[in-house]
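Okay, structure first, notes after.
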Amino acid sequence: YAVGKRVCVENHFYCGHCYQCTHDLPHICQNLNQFGHGKGTVYGGCSEFTIIPAKYAYLLKTSLDDNKAALLEPCGVAHQALEEIDPKGEDILIQGCGPVGLLAIGLAKVMGATKILAADIVERRLESAKLVGADVTIHCKTEDLKTRVLQETDGNGVGRLFEATGAPQMVNNCFSLLRKGGHIVLVGLPREPIHVEHPLEDVIFKSLTLKTVHGRKIFHSWEETERIMSEGLINTEPLLTHDFPLSQYEEAFRVLISKEGCKVVMSLEK
């Protein structure tokens, strides 16, 4: 590290000495803290200067521009999740086309998925899904998701499913969309109990593989996603919908919370 070098912050602040940290799983540290005011540091991200321990700083290795570098953190989540279910040679359904879901679409194509289905309830997000590589888009307010998935997979169901909505009803239903022997990874954050209506036919008898992820592999996910982005293998332009100067942080958060945009960036004023 040196003055002038560009870094990204790994916001899973790990302790370095718990069971997970000593078994190459620092991203799910038992004593996990996070970057942000009142969490792992008294300094928040909405500041001109901040201080972090060097071990949480990822040193950029390419000339990737700042806005794309700001996508490496969510892109790392999508990358780790896809590595867990290996989409190569498989049809995959991405549920939820927010930033992580859109990045997962591009990454799934890079990682060899044969057909990529994307589902959401917002038309604007589905348009973005097409731009980043989705082969099929499904509007869940106007179409029956299960019917469409079965139509697109010759009645088998998808082999891989990436759940990024966190919506309880979507999580509850997703097991019915998988073929026998399918793999699913839960990325979204449901705030209510998950119920499986038909546990025998939709889970047990299908012999499914269920994975969950939290964060990125440190620093493997960062290195892989920076390489993929720097080589231009995924289209990130549809995600970067807003770039505000730091002084307009209130408007930036309004746009973020209202879901008017996708990925909202705040930049230091020149």
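Here His23 clears all of (1) in contact with a Gly (Cβ under 6 Å, 6 or more places away or on another chain); (2) over 11 Å from Asn11 (Cβ atoms) except the condition numbered (1). Of the helices (runs of 4 or more DSSP H) lying entirely inside segment 44-157, those carrying at least 1 residues that are surrounded by 23 or more Cβ atoms within 10 Å (Cβ to Cβ) and among the hydroxyl-bearing types (Ser, Thr, Tyr) are 123-132. If you go through segment 1-23 and pick out every residue that is acidic (Asp, Glu) and more than 20 Å from the chain's Cα centre (by Cα), you end up with 0. Candidates His198, His214: the one that is farther than 20 Å from Leu72 by Cα and not β-branched (Val, Ile, Thr) is His198. Residues considered: Glu123, Glu83. Of these, the only one that is among the acidic types (Asp, Glu) and touching a His at 6+ places or on another chain (Cβ under 7 Å) is Glu123. Hey, any hits in segment 164-182 for a residue that's in contact with a Lys or Arg (Cβ under 8 Å, 6 or more places away or on another chain), under 18 Å from Val100 (Cα atoms), assigned to a loop (DSSP other than H, G, I, E, B) and not acidic (Asp, Glu)? Yes, that holds for at least one residue. Against the conditions (1) open to solvent by less than 50 Å² (accessible area, probe 1.4 Å); (2) at positive phi, Ser207 satisfies every one except (1). Each residue in segment 229-242 was checked for being touching a residue at least 24 places away in the same chain (Cβ under 8 Å) and surrounded by 15 or more Cβ atoms within 10 Å (Cβ to Cβ), and 8 of them qualify. Taking the stated definitions as given, is Glu226 crowded, with 16+ Cβ neighbours inside 10 Å, over 21 Å from Ile92 (Cα atoms) and within 17 Å of the chain's Cα centre (by Cα)? When the stated conditions are applied, Glu226 passes them. Screening Pro190 with (1) at pLDDT 95 or above; (2) under 18 Å from the mean Cα position of the chain (by Cα); (3) under 26 Å from Ala129 (Cβ atoms); (4) not in a strand (DSSP E or B) gives one miss only, at (1).
Of the residues Lys61, Lys88, the single one that is within 30 Å of Gly182 (Cα to Cα) and basic (Lys, Arg) is Lys88. Is it the case that some residue within segment 10-29 is open to solvent by less than 10 Å² (accessible area, probe 1.4 Å), charged (D, E, K, R) and either touching an Asp or Glu at 6+ places or on another chain (Cβ under 6 Å) or not in a strand (DSSP E or B) (or both)? Yes - at least one qualifying residue is present in segment 10-29.
Evaluated against (1) of a type outside the set (Phe, Trp, Tyr); (2) farther than 22 Å from Ile85 by Cα; (3) surrounded by 15 or more Cβ atoms within 10 Å (Cβ to Cβ), Gly182 falls short on exactly one condition, (2).
The values are calculated or read from the model by the stated rules, or taken from the named source; none is laboratory data. Keep in mind it's a predicted model, so treat the numbers as computed, not measured. Using ideal geometry, Cβ is built from the backbone for each residue, glycine included, and neighbour counts are taken over all protein chains shown. Keep in mind that these areas ignore ligands, DNA and RNA; they rest on the heavy atoms of the full protein, side chains included. Shrake-Rupley method; radii C 1.70, N 1.55, O 1.52, S 1.80 Å.
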